[in-house]
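Heads up, the thing below is written out as structure tokens.
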Amino acid sequence: MLSKVKIFIDLHAQRHKLQTLVQQLNTANATLSKRAAHLEIANEVGQQITSILDLDELLTHIVRLVQAKFGYYCVSIWLMHEPQQELMAQAMAGPDAAVEVLANTIIPADTTPSIIAHTYRTRELYLAKEIASDSHFLFQESLPATCAELALPLDFEHKHRPLRGIVGVLDIQSAQPDAFDAEDVTALQTLANQISIAIRNAHLYNAERQRRTLAESLEETGRVLSASLDMHEVPGLVLERLAQVVPYERGAVLLREDAGDSRSAGDSAGNGFVHIIAQRGFPADQRADRLRVPIQKDDVFDQLSLTRRPLILDEVAQNPHWQQVDWLPVNHSWLGVPLMTKNRVVGMISLTRRAAAAFTQDDATLAAAFAGQASVALENARLYAEILRFNEELEDKVNERTASLQKAYEQLELLDQNKSDFIQVVSHELRTPLTLVQGYGQMLLRDPRAKEDKTYEQRLTGIVTGALRMREIVNSMLDMIRLENRTWKLDFQPLTLSLVLESLRRSLANSLEERNLKLNMELSETLPDIEADHEAMNKLFDHLLTNAIKYTPDGGWIIVTARILDTHEISSDEHMSVEIIISDTGIGIAPEVHDLIFTKFYTTGSVASHSTGKTKFKGGGPGLGLAIARGIVEAHGGRIWVESPGYDEATCPGSSFHIVLPLKQPEPMQINV
Ligand code: ADP
């Protein structure tokens, strides 16, 4: 009996042991499967973090996973929205009614009671085992069954930026009282860390994406802006491009009216205006394009001018210096960025949004980057417009000047014509009386009574010589007129140059002797005849030889050379030509008048100092000799020029007159004097 009782007791003890063992086994199993679930979640979250870059999608995935695996009542993630300091339900998994009501709910960070806000503020994990007795618990009608709540800060605390780490809260509510054991807490803490990393990655990714978008957009904007130099187009392009990176409802580019007096930091507010040069999103009102706002001390433009940095107003009404344009609907947020040229604030980009506090620091940074581009483009466009204006002004001035020059030229032509007409009339009128004077003078000279009285004869000779000289001058004037009017009918005949020159030597023999000058003719014996007008050639060389005599002091030399020009010495459009050079040992000619001496009536020295004799040293004359010479040479299709080291009466450097004449006359030539 005793042994039976003993066996029974043993059996009972063993069953109890077995039951305990089974119980322990179950607990261990439960713990193991919970751990497995924790590991599974940790593993999955880890994988998702690297594969899902869209933060909203990732957070929604995580809350659903945690809720499904552990069967929690409600799992939610709340993220902080600066600068309002509000926590917003970013992702939520739980009863449908709760998700519907609470999705996108906002809890200000200073809300009490609220376990979520409390956790955010303290940055510490908070576990409410029994919500009934918890002072921080905030009852939500849509979550009536909550018994316990665990909130974990989402905090990627960084050693170097300790205060900037916290981004939100992971909140888990359970319908079981005391639902979270230490192991749960540890596992969920790990999960919170993973979520924090995911959020940080997403932020980094977004920031990087934003940076890339900005860089691309800036590059694109730079290209578009630099392609346009139109002052009317550039500001509009800036606003259009800016809208793609910084959303705004109304935008404007305004310029300071007198950009030149843009104030530097520390100055007192300079009065003046900013006026609109481009706008986007303004009401269809004509006033929009003419908007002009006075600059007042401490107003937004004044602030921008002082700080040279972007300025954000979260609520324009709160800024005591805000100037609301009365016909514009109030937009609560304002972002302004300065436009700088050569370190001066010359204007601003002004953006507004209807909602309050709508612009972020990132927006300001983006807008500032655009403003930099815009400033350069605006400055380029301004300079270009200035150049265009300058060009137009220049063109107007040139046209004006050309018109007045044309007028002056026409007047000169008229004067010249009048002069020629006058000379022509005078010459014709003088010729006949002069012939009479000369004729009667010669008759009287031949009278035997004249021979008897030497004084009388001398006086008569003076009259005849004077009349002769006057006739020569009048004839020169008429030659000039004939050449100018192209009425000198040249008779081109074969002409032997040496004969013309020799005959002239004979007629000038007296003068040469009188002045003790030697005339050397070094003419090539093989010199062929040229086709020329005899009278014209005679006059040409007479003028040149007379000049050589006139401007060479007594005892000097005159040398005449003539030769056929080699083919390499003549230009492609010239025919076979002879060159005649008349050189003297005279006073020479200053290089600056080498061209001038061939214009009519040009003489060096004052007319009053001219000696009256035709071949007297520096005898002077009417200034027609060389003009006639050039007219004759050109009428023969030739060229004439002078070479002389300079004018010097003491050293007498001499002059050489070169005449190139074609052997043949191909066609009738134009006469230009
Ligand atoms: P004119 O001899 O009547 O003054 P020309 O037309 O013949 O007018 O000459 C113009 C000017 O050229 C002269 O006044 C003189 O100054 C200068 N000139 C011409 N030939 C010579 C020369 N052989 N040597 C120096 N000067 C000369």
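Numbers for the structure displayed
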quantity: Condition check for R382: closer than 15 Å to M231 by Cα and either in contact (Cβ under 8 Å) with a residue 24 or more places away in the chain or hydroxyl-bearing (S, T, Y) (or both); calculated: yes
quantity: From the options R449, R482, R431, R471, residue that is in a helix (DSSP H, G or I), under 23 Å from T546 (Cβ atoms), charged (D, E, K, R) and free of Cβ contacts under 8 Å to residues at least 40 places away in the same chain; calculated: R482
quantity: Tally, over the range 242-267, of residues that are buried (at least 17 other Cβ atoms within 10 Å of the Cβ), at pLDDT below 50, of a type in the set (A, V, I, L, M) and in contact with a helix residue (DSSP H, G or I) (Cβ under 6 Å, 6 or more places away or on another chain); calculated: 0
quantity: Where W488 falls short, out of the listed (1) among the aromatic types (F, W, Y); (2) part of a helix (DSSP H, G or I); (3) more than 16 Å from the ligand (Cβ to nearest atom); calculated: (2)
quantity: Number of the condition not met by R515 [criteria: (1) at pLDDT below 95; (2) away from the ligand (no atom under 16 Å from the Cβ); (3) more than 27 Å from I423 (Cβ to Cβ)]; calculated: (2)
quantity: Sole exception among (1) free of Cβ contacts under 8 Å to residues at least 60 places away in the same chain; (2) surrounded by 13 or more Cβ atoms within 10 Å (Cβ to Cβ) for T526, by number; calculated: (2)
quantity: Count of residues meeting criterion [crowded, with 19+ Cβ neighbours inside 10 Å and small (G, A, S)] in the range 288-335; calculated: 2
quantity: The range 80-124, residues that are assigned to a strand (DSSP E or B), modelled with pLDDT of 90 or more and touching a helix residue (DSSP H, G or I) at 6+ places or on another chain (Cβ under 8 Å); calculated: L87, A89, Q90, A91, M92, A93, I107, P108
quantity: Residue match in the range 494-508 (condition: of a type in the set (D, E), in contact (Cβ under 8 Å) with a residue 40 or more places away in the chain and under 25 Å from H543 (Cα atoms)); calculated: no
quantity: Residue selected from the range 553-584 under the condition under 19 Å from L495 (Cα atoms) and part of a loop (DSSP other than H, G, I, E, B), by the criterion nearest to the ligand (Cβ to nearest atom); calculated: L565
quantity: Among residues of the range 630-653, those that are over 56 Å from the mean Cα position of the chain (by Cα) and within 11 Å of the ligand (Cβ to nearest atom), counted; calculated: 3
quantity: Number of positions in the range 598-629 that are more than 9 Å from the ligand (Cβ to nearest atom) and modelled with pLDDT of 80 or more; calculated: 2
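The values are calculated or read from the model by the stated rules, or taken from the named source; none is laboratory data. As the structure is a computational prediction, the values presented were derived from the model and not from experiment. All Cβ positions, glycine included, derive from the backbone under ideal geometry; neighbour counts span all protein chains shown.
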